[in-house]
Amino acid sequence: MDLVYWDHSYNGVILLNLLIVIALFTCLRLFSGTIAHINASDELLKKDNAAFGLTLAGVTFAVTILLSGTIYGDPGGDLADSAFFVGAFGILGISLMALTRLIFDKITLPDISLRDEISKGNMAVAIADVSNVLATAIIIRAIMIWVTDNSFEGLIALIIAFFVSQIILTLATYLKRRMFSKLYAGRSVQEELKNGNIALALSFAGWKIGTAFAISVAANIVVYEVYDIKTIFLPWIIVSIAAILILKIISYIAERIVLFQVNTMREILDDRNIAIGALQAVIYVSMALLIAEL
C-alpha cells in the first residue's frame, strides 16, 4: 500500500519553478529600493536606521508570501511554458507590490511622505508601511491561488482582481481615517503616525492586514471562470465587502470581551500603550484568519 503518491513526471517542472522563485527572491536587494524608494545600503550600513530595517524585513517577508503563490498551481504542462508563467506571475506580483506602495504613499496617506519619515527613523510610519506591503502580498497570493490556469488570461485576471481589491482596501482605509477624525476631533491617523505613535501604528497594522485577509475570502467563494473573467468581479466585490463588515462586527465583540472595561482608544491615543495597540491588532488579525478559513 502506497502511503505517499508522487508523480515523478512533474519533477523537472517543479524543480525549475522552484529555482525561478528562489532567483526572484535572491534579487530582492536589487528591487527593494524600487519598492521602498530608499537607498538600502545607506540606510542599513551608514545610518543604522531601524525603521528602514523593519520596512525592508517587511518587504522581504511580503515578497516571500507573494512568491509562494506562484508555485501553488498545477505543475502540468510544457516545461518552457510553466517556467515562463511562473516567472511572469512573480515579476508581475512584485511590480504590483511596488505600485501599491505608491498608492499608499500618494493616495491612502497623502499627508505623510513615507520616504522622509522612514529616513528619519519613524517606527510608527515604518509599521504602517510594513502592514501595507503584507496586506498586498496576502491579497496577491490569494488571487494567484484563485487563478487556476497558467495563461495570459490568468495574468489579466490577476491584474484586474488586484485593482478591484486595491480599490476596496484603499476606500476602506480612507473611510477609517474619516471616521477616526470625526470620533476624535482634532486628531488624525496621519498626524498620530507622523508623531510616532507606535501603539496606533500597531492597531492600524492589525486592521490593515486583517482587512486583507477578509478581502481574500472572495478567492475561496467566487468561482474562477477562465472563459468569462469579466463576470466574476462583481461577486468578488460583494463577497469582499461583506467579509469586511462581518470582520468589523466580530472583532468589536471579541475586543469588548478580551479588553473588558478597557478604554482602548484612550490607552492608544493618550497613553500610547503599545501593549493595548498590539493586542487590538492581534484580535483583528485573529478574527480575520478565522473568517478566511471558513
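The values are calculated or read from the model by the stated rules, or taken from the named source; none is laboratory data. Computed from a predicted model, the values in this text were never measured in an experiment. Neighbour counts are summed over all protein chains in view; Cβ atoms, including those assigned to glycine, are modelled from backbone coordinates with ideal geometry.
Selection of helices (runs of 4 or more DSSP H) fully inside segment 156-263 by the criterion of at least 2 residues being within 18 Å of Met287 (Cβ to Cβ), free of Cβ contacts under 8 Å to residues at least 60 places away in the same chain and in contact with a Gly (Cβ under 6 Å, 6 or more places away or on another chain) returns nothing. Determine whether Thr55 is surrounded by fewer than 22 Cβ atoms within 10 Å (Cβ to Cβ), at pLDDT 80 or above and out of contact with any Lys or Arg (no Cβ under 9 Å at 6 or more places or on another chain). No; evaluated as a whole, the condition is false for this residue. Report yes if some residue within segment 126-149 is over 17 Å from the mean Cα position of the chain (by Cα) and not aliphatic (A, V, I, L, M); otherwise report no. Within segment 126-149, one or more residues are over 17 Å from the mean Cα position of the chain (by Cα) and not aliphatic (A, V, I, L, M). Residues that are in a helix (DSSP H, G or I) and of a type in the set (Ser, Thr, Tyr) were ranked within segment 96-145; the one that is nearest to Val223 (Cα to Cα) is Thr136.
Taken as a whole, the condition of being of a type in the set (Phe, Trp, Tyr) and under 15 Å from the mean Cα position of the chain (by Cα) applies to Phe163. Restricted to segment 174-226, and to residues that are surrounded by 22 or more Cβ atoms within 10 Å (Cβ to Cβ) and hydroxyl-bearing (Ser, Thr, Tyr), which residue is farthest from Asn122 (Cα to Cα)? The extreme case among them is Ser216.
Take the conditions out of contact with any Pro (no Cβ under 6 Å at 6 or more places or on another chain) and modelled with pLDDT of 90 or more and apply them to Ile94. Does it pass? No; evaluated as a whole, the condition is false for this residue.
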